[in-house]
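Comments concern the structure below.
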Amino acid sequence: GGMFGTDSASEVRVMRALHGAGYSVPAIEAFEPSGIVLGEPFFVMEEVPGVVRLDDQGLDDIIRSVADLHRVPVSVLDASGRTAEQVVSDNIEYWRRMYRAHSPELPLVEYAADWLHENLVPTGPSVIVHGDAGPGNALFDPQRGLTTIDWEFAHVGDAAEDWAYLALIRGRRIMDGDAWKARLGAVAGVTYTPDQWRTWLAFKHLRGACVNLTARTVFERGPRRTADQLAIGVAVSLRSLSQLTEITCA
């Protein structure tokens, strides 16, 4: 709803692949790809019981679930055999193409994408990345355990994408970055250098600057025109661009 051109087919493919690999995601019950029924493709997934938890055990379980995701073989989604370096380069260009499809040229975005090509280095082998991991996208149920939802940003990438987003963007309302870094190290053995944290945070801000522009397209084209979409498409996108520029132009 909030972003333009969300690829339902890709999300279904990811969820089915992970479900088949034994990872805890909702089962896909039906997929309507034509757009004839509702005007756009959609899927129906099983109802998942559970609640969002922000207590210590709940946060640790989220961290473990992300680490478990990164251990799922990449081949269930991508059998191309791309190198980790090629995956990083492809992902930078994916977001650059997205912004170009929804905006006139933005020199700061172009500069930042070029900067990332020069400075962003894989932290290890490619993994399956959730893209929006953290509190709110994990439901806890006593019988079922933890189920991860909202897979529209999932793709093959670098594990640092999820960790930087969780520790430095999505999780900042719960505790600061240093506390998250310490917790990631203690629970999942995740450790990065300051430069690695900085460059992967820049990559996540590139995504934010580019993908949030698409909400403006949703607002402009309708039919569901809301103030939220306009705010995301302008103010939130510019905020990401500002934070991206602080890193890349430092």
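Some notes on this structure:
- Hits in segment 101-111 (condition: more than 14 Å from residue 237 (Cα to Cα) and in a helix (DSSP H, G or I)): 101, 107, 110, 111
- Residue satisfying all of: in segment 72-100; in contact with a helix residue (DSSP H, G or I) (Cβ under 6 Å, 6 or more places away or on another chain) and in a helix (DSSP H, G or I); surrounded by the most Cβ atoms within 10 Å (Cβ to Cβ) among these: 99
- Counting the residues of segment 60-86 that are more than 24 Å from residue 184 (Cα to Cα) and of a type in the set (A, V, I, L, M) gives 3.
- Subset tally (residues that are among the charged types (D, E, K, R) and touching a residue at least 12 places away in the same chain (Cβ under 8 Å)) for segment 80-132: 6
- Among residues of segment 35-63 being touching a Pro at 6+ places or on another chain (Cβ under 7 Å) and assigned to a loop (DSSP other than H, G, I, E, B), the one that is most open to solvent (accessible area, probe 1.4 Å) is 54.
- Scope segment 22-34; condition of a type in the set (A, V, I, L, M) and assigned to a loop (DSSP other than H, G, I, E, B); matching residues: 25, 27
- Residue list for segment 141-160, restricted to those being in contact (Cβ under 8 Å) with a residue 60 or more places away in the chain and part of a helix (DSSP H, G or I): 159
The values are calculated or read from the model by the stated rules, or taken from the named source; none is laboratory data. Values in this document were obtained by computation on a predicted structure and should not be read as measured data. All Cβ positions, even for glycine, are placed from backbone atoms using ideal geometry, and neighbour counts span all protein chains on display. Side chains included, ligands, DNA and RNA excluded: accessible areas come from the protein's heavy atoms. Shrake-Rupley method; radii C 1.70, N 1.55, O 1.52, S 1.80 Å.
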